[in-house]
1. Quick check: is even one residue across segment B:285-296 at pLDDT 95 or above and part of a helix (DSSP H, G or I)?
2. Identify all residues within segment B:51-60 that are outside any loop (DSSP other than H, G, I, E, B) and over 21 Å from the mean Cα position of the chain (by Cα); write none if there are none.
3. Mind listing whichever residues of segment A:150-171 are assigned to a strand (DSSP E or B) and within 18 Å of the chain's Cα centre (by Cα)?
4. Of all residues in segment A:228-249, which are open to solvent by less than 50 Å² (accessible area, probe 1.4 Å) and under 20 Å from the mean Cα position of the chain (by Cα)?
5. Which condition from (1) more than 19 Å from the chain's Cα centre (by Cα); (2) part of a helix (DSSP H, G or I) is the one that B:ALA205 breaks?
6. Among the residues of segment B:3-21, which ones are closer than 24 Å to B:ILE255 by Cβ, without any contact (Cβ under 8 Å) to a residue 12 or more places away in the chain and not small (Gly, Ala, Ser)?
7. If I go through segment B:230-265 residue by residue, how many of them are closer than 22 Å to B:GLY280 by Cα and of a type in the set (Lys, Arg)?
8. Scan the helices (runs of 4 or more DSSP H) fully inside segment B:212-270 and keep the ones with 2 or more residues being among the charged types (D, E, K, R).
2 protein chains.
Amino acid sequence: MEQAWLASLVKRFAKEPGLSVPIGDDAAVLEAGPGEDREWVVTTDMLMDGVDFRLAEIDAARAGRKALAVNLSDLAAMGARPVAAFISLALPRPAARDLADRLYSGLVPLAKQFGVSIAGGDTNVWDNPLAISITAIGTVRRGKAWRRSGGKLSDWILATGAFGGSILAKHLDFTPRVREAVYLAEHYDIHAAIDVSDGLSLDIARLAEASGVGGLIFPKMIPISRFAKELALQDPSKGSALDHALGDGEDFELILCTHEEEARRIIADKNLDVPITAIGGLSETPGLWQMTDKSRKTRVIPKGYEH
Amino acid sequence: MEQAWLASLVKRFAKEPGLSVPIGDDAAVLEAGPGEDREWVVTTDMLMDGVDFRLAEIDAARAGRKALAVNLSDLAAMGARPVAAFISLALPRPAARDLADRLYSGLVPLAKQFGVSIAGGDTNVWDNPLAISITAIGTVRRGKAWRRSGGKLSDWILATGAFGGSILAKHLDFTPRVREAVYLAEHYDIHAAIDVSDGLSLDIARLAEASGVGGLIFPKMIPISRFAKELALQDPSKGSALDHALGDGEDFELILCTHEEEARRIIADKNLDVPITAIGGLSETPGLWQMTDKSRKTRVIPKGYEH
């Protein structure tokens with residue numbers, strides 16, 4: 001859907017009662033009651049055949065896994081520990097049952113890997129392509145959800161993993177950064193976070209804008225995946241490996257903002273299996289900027305998938 | 001989807017951790033933490049064009065309203081107070097935006113009526129018919145969710161409203177029994193509940209079976225809607241008004257079980273706007289039975305919509 005319509009939706013429901021975090025972030029947070037020291041975080045994503053994957057080309061198990069994984073990535077982007085998932089399906093006839101079994105065979109191992117309970121859903125059959133809608137629910141310590149809007153001037157921008165070329169496989173088989181999020185939420189003070197679904201540059205720009213600051217990235221420091229390099233070699237006309245890293249999207253890595261000292265501690269932390277890299281910082285000038293080789297700041301036009 | 005497959009799903013996920021009520025009831029209940037005196041209740045339903053409504057025949061606003069209403073009915077069936085809803089859409093091109101606006105124009109007034117916050121969702125576009133997936137979340141006092149399985153021998157079976165002929169309009173325009181559920185949960189001890197989505201006889205049979213007892217209904221006491229009578233007049237070959245009441249489904253009324261004294265107090269309660277009627281009781285003999293005119297018990301074959 002067009003960005004303008006989505007923005008109007010977010011604006012329309014920005015002040016709904018009972019929510020610590022309303023519509024428009026990676027997930028919503030339900031207000032805790034008196035005496036409750038945790039809050040529930042809720043996110044939902046719908047994936048469709050022909051849009052988010054092609055069942056003609058892949059095993060449906062990978063589609064089922066992806067449908068859960070994107071939701072877990074949204075919970076991770078809030079610093080939440082996942083608890084339960086609800087699986088709704090619109091299954092095409094005539095092989096609806098076989099397809100449902102394949103979808104579950106992909107998503108159940110992922111649920112087990114991260115201790116997510118399958119708690120409900122709605123299984124339907126129709127004469128149209130597959131749609132999967134999953135809602136995932138988790139918890140954060142009260143008031144501690146990572147919002148996009150919490151970034152502060154001079155914060156460092158950190159990123160898990162590497163970027164670009166996700167279309168070659170990672171968009172289906174990525175590991176949502178649940179463990180990293182739970183660990184970081186427990187041990188560090190993270191100001192703001194977002195997961196990279198639509199594009200590294202676009203999602204950094206969104207976080208910076210939500211935080212009321214600008215973003216400055218250091219292209220040389222951005223971890224570029226070997227798949228981005230592969231795509232750049234295959235067809236140089238479609239951009240460099242860095243272009244792929246900045247704009248491809250569906251990396252499902254986390255972007256995290258915190259102050260310099262905390263950022264340095266995180267980078268040096270030996271308990272993290274996934275590399276965390278400093279790739280830039282939050283600065284005063286609105287918009288997204290990059291530091292060139294010649295130490296000059298130039299504007300970056302955020303690129304990525306606009307829904 | 002076939003009942004056997006759904007039953008295997010419920011069995012497979014019956015023991016997932018972190019849930020007070022697992023998959024298989026009208027909604028799931030997330031376990032409260034230490035010191036928390038309420039629990040979160042979560043339900044999700046997916047509705048599709050051509051299956052649950054026909055956009056060629058109705059204003060999309062009614063489809064949007066129905067998609068939220070069925071979820072609120074599920075929360076009511078757990079005795080829960082609704083808090084928030086998450087709206088995911090797969091919208092057909094080319095008029096996706098207009099359709100989304102119509103859907104919201106139907107569901108937002110219902111959300112406001114019952115104090116439900118629109119807290120998130122996922123808006124997508126594709127070249128296939130509309131699918132709407134809504135997740136609704138509410139609260140109950142800790143340990144007080146109404147389960148299907150809580151019915152006890154000799155409980156009375158109560159019903160809100162009237163039954164049958166829902167296809168003529170009510171299946172789109174019904175009022176979910178949210179107020180009644182919240183009021184009853186606050187003032188009375190309800191043992192078990194279910195909402196009538198698939199058919200009065202089928203849903204009573206399900207409640208009785210989940211409670212490990214049988215159900216006995218008194219056909220003369222069942223409130224029959226004027227729409228059931230209209231259908232019976234239109235085409236007597238499709239059954240009597242009572243047949244429609246017992247088997248049509250999509251009434252979205254509540255079936256409630258409690259002991260006789262409490263049942264009598266509820267029926268006499270003047271604070272309820274919707275009539276509540278005693279229509280039977282829970283008894284020892286498994287299965288669903290009816291009391292005939294001649295005071296004989298005969299077997300009832302539960303009828304309704306099997307997904």
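1. no
2. B:ALA60
3. If the condition is that a residue be assigned to a strand (DSSP E or B) and within 18 Å of the chain's Cα centre (by Cα), then A:ILE157, A:LEU158, A:ALA159, A:THR160, A:PHE163 are the ones that fit.
4. Result: A:ALA228, A:LEU242, A:HIS244, A:ALA245, A:LEU246, A:GLY247, A:GLY249.
5. All conditions are met except number (1).
6. Of everything in segment B:3-21, just one residue is closer than 24 Å to B:ILE255 by Cβ, without any contact (Cβ under 8 Å) to a residue 12 or more places away in the chain and not small (Gly, Ala, Ser), namely B:LYS11.
7. Qualifying residue count, segment B:230-265: 2.
8. Details: elements: B:226-234, B:241-247, B:260-268.
Passing ranges, in order: B:226-234, B:260-268.
The values are calculated or read from the model by the stated rules, or taken from the named source; none is laboratory data. The shown structure was predicted, so the numbers you read here are calculated from the model rather than taken from an experiment. So basically every Cβ, Gly included, is an ideal-geometry build from the backbone, and we count neighbours across all protein chains shown. To get the accessible areas, we keep the full protein, side chains included, count just its heavy atoms, and leave off ligands, DNA and RNA. Shrake-Rupley method; radii C 1.70, N 1.55, O 1.52, S 1.80 Å.
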